[in-house]
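The values are calculated or read from the model by the stated rules, or taken from the named source; none is laboratory data. Here the structure is a predicted model, which is why all the values come from computation and not from measurement. FYI the Cβ positions are ideal-geometry reconstructions off the backbone, even for glycines, and counts take in every protein chain you see. Heavy atoms of the whole protein, side chains included, go into the accessibility calculation; ligands, DNA and RNA do not. Shrake-Rupley method; radii C 1.70, N 1.55, O 1.52, S 1.80 Å.
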Amino acid sequence: VMWIVSNSLTLFNIAMKSGRFDAFRCWIIDHLPNDRRVVLVVVGFCLGCLLEGVAGFGAPVAITSALLIAIGFPALDALVYTLIFNTAPVAFGALGVPVTTLGAVTHLDPHSLASMIGRELPFLALLLPFYVVGIYGGLRSIKALWPVLLVAGGSFGFAQFLTSNYLGYELTDVVSSLSSLIITLLFLKVWKLPHDPEYALSVSAELRATKSPVPPWEGWVPWLVLSAIVIAWTTFKVPVINQMLVNWPGLHNAISVTAYNGKPYAAVWTFQPLASGTAILLANVVVALWVGLSFKEFFGCMAETLKNIRVAVLTVALIVALAYVMNYSGMTYTLGMAVASAGFFFPLLSAFLGWIAVFLSGSDTSGNALFGNLQVVAARQLGLSPVLFAATNSSGGVMGKMISPQNISTGVATTELKGQEGRVLARTFKHS
């Protein structure tokens, strides 16, 4: 999990160091309509979903909210709406890690789980741009912008369904967000946006006059290189090359839980030296060569990333460890049977349990690890579909992401950027 996150944030540091992030800001100012509502959808939703799909774990909130602030949004607006947008893609974030984790702790097929999640979340994705713009600009903004909102949300939701059910869940967010981003940008080229001075971008004249020494189009290079390599890496199933299955000493088949019919618990570590995080590392190398970073600067970016995420690594490891302790000790089964006592009211509680887990842990991955197996045990006790309820744990969890203290703290650190250029973003991850 953290191999993906660390390499993703290293790419961000490379973009900052090389001036590509600043160039990206200039591209947004020059090429998007002069309307804060549209910029909010393109950056907060389309780009934020791409960052969630690749990195997850708070990175989209930190990066997109700071980018919005850098182009003139009030800090509180940038943070709040970025947090709300960081819901629809969460279940497939970080190249599908939440689904992979859910499959591991429940012993259910992750592809079946992904297909079920991909039938639940597209409805949320479709409505999300309407919801956010409605909060931001009221009903009149929805009436004025409904075509672009429909295009952005509809293209994401449709691609999310297709990818999760027929292509591969690891690429669900990457393909969905790229589809939404490309289709929305093309639509904005042909659709005549109603002008509304009240929502014009409040970019200062000084900031507009500040031009990056790097051509604005090069601001896209890090993200396009990353997307291309990750898609190719996953499509050609590179992660399974030289994959090794390691039976964990002292734990594999060493524990049986009575509530689970005495079936021994497997403890197998799937070691993949060419896992998805390695694809992102390759993207880092390619981008560093493209932008001309020196050997010293490249490793300086890596060192800065490791320094900033050391606490996050420990936190994620301990939460997942807690989930395995609960599973192997039988606590999860005990809780599952207790929840099943709710009988036919259990379907009303299922999504709420996922919501609580993500609110507490700040991560859909951790929420699935904590309560995924509980949902399966309760569903089996009631004769219901374990795949449906395990998937609902993840789908319900995404709604807790926007108000989890961990996710909010990641974005709150960004509010220190008021009026500053994107370069100070490095501080965001230090505080996070």
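Annotations
- Inclusion of Ser6 among residues that are among the small types (Gly, Ala, Ser) and surrounded by fewer than 24 Cβ atoms within 10 Å (Cβ to Cβ) is warranted.
- Where helices (runs of 4 or more DSSP H) fall entirely within segment 16-60, those with at least 1 residues that are farther than 24 Å from Phe298 by Cα and either open to solvent by 10 Å² or more (accessible area, probe 1.4 Å) or in contact with a strand residue (DSSP E or B) (Cβ under 8 Å, 6 or more places away or on another chain) (or both) are at 20-31, 36-39.
- Candidate set: segment 73-87, residues that are assigned to a loop (DSSP other than H, G, I, E, B) and over 21 Å from Ala369 (Cβ atoms); chosen: the one least open to solvent (accessible area, probe 1.4 Å): Phe73
- Asp109 meets all of the listed conditions (1) under 25 Å from Ala59 (Cα atoms); (2) open to solvent by 10 Å² or more (accessible area, probe 1.4 Å) but one, namely (1).
- The single residue among Leu318, Leu306, Leu289 that is in contact (Cβ under 8 Å) with a residue 40 or more places away in the chain, assigned to a helix (DSSP H, G or I), among the hydrophobic types (A, V, I, L, M, F, W, C) and loosely packed, with under 15 Cβ neighbours inside 10 Å turns out to be Leu306.
- Neighbours by Cβ (under 7 Å, 6+ apart or cross-chain): first from segment 22-42, closer than 21 Å to Pro222 by Cα; second of a type in the set (S, T, N, Q): Asp22/Ser212; Ala23/Ser212; Cys26/Ser212; Val42/Thr184
- Every residue from segment 242-286 that is outside any strand (DSSP E or B), within 26 Å of the chain's Cα centre (by Cα) and not small (Gly, Ala, Ser): Gln243, Gln272, Pro273, Leu274, Thr278, Ile280, Leu281, Leu282, Asn284, Val285, Val286
- Looking only at segment 254-273, and only at residues there that are open to solvent by less than 50 Å² (accessible area, probe 1.4 Å) and within 30 Å of Trp233 (Cα to Cα), the one that is modelled with the highest pLDDT: Ala267
- Some residue of segment 215-235 being more than 27 Å from Cys49 (Cα to Cα) and either open to solvent by 40 Å² or more (accessible area, probe 1.4 Å) or assigned to a helix (DSSP H, G or I) (or both): no
- Test: residue in segment 7-24 that is under 12 Å from the mean Cα position of the chain (by Cα) and more than 17 Å from Val132 (Cβ to Cβ): yes
- If you go through segment 351-388 and pick out every residue that is among the hydroxyl-bearing types (Ser, Thr, Tyr), closer than 17 Å to Gly103 by Cα and at pLDDT below 90, you end up with 3.
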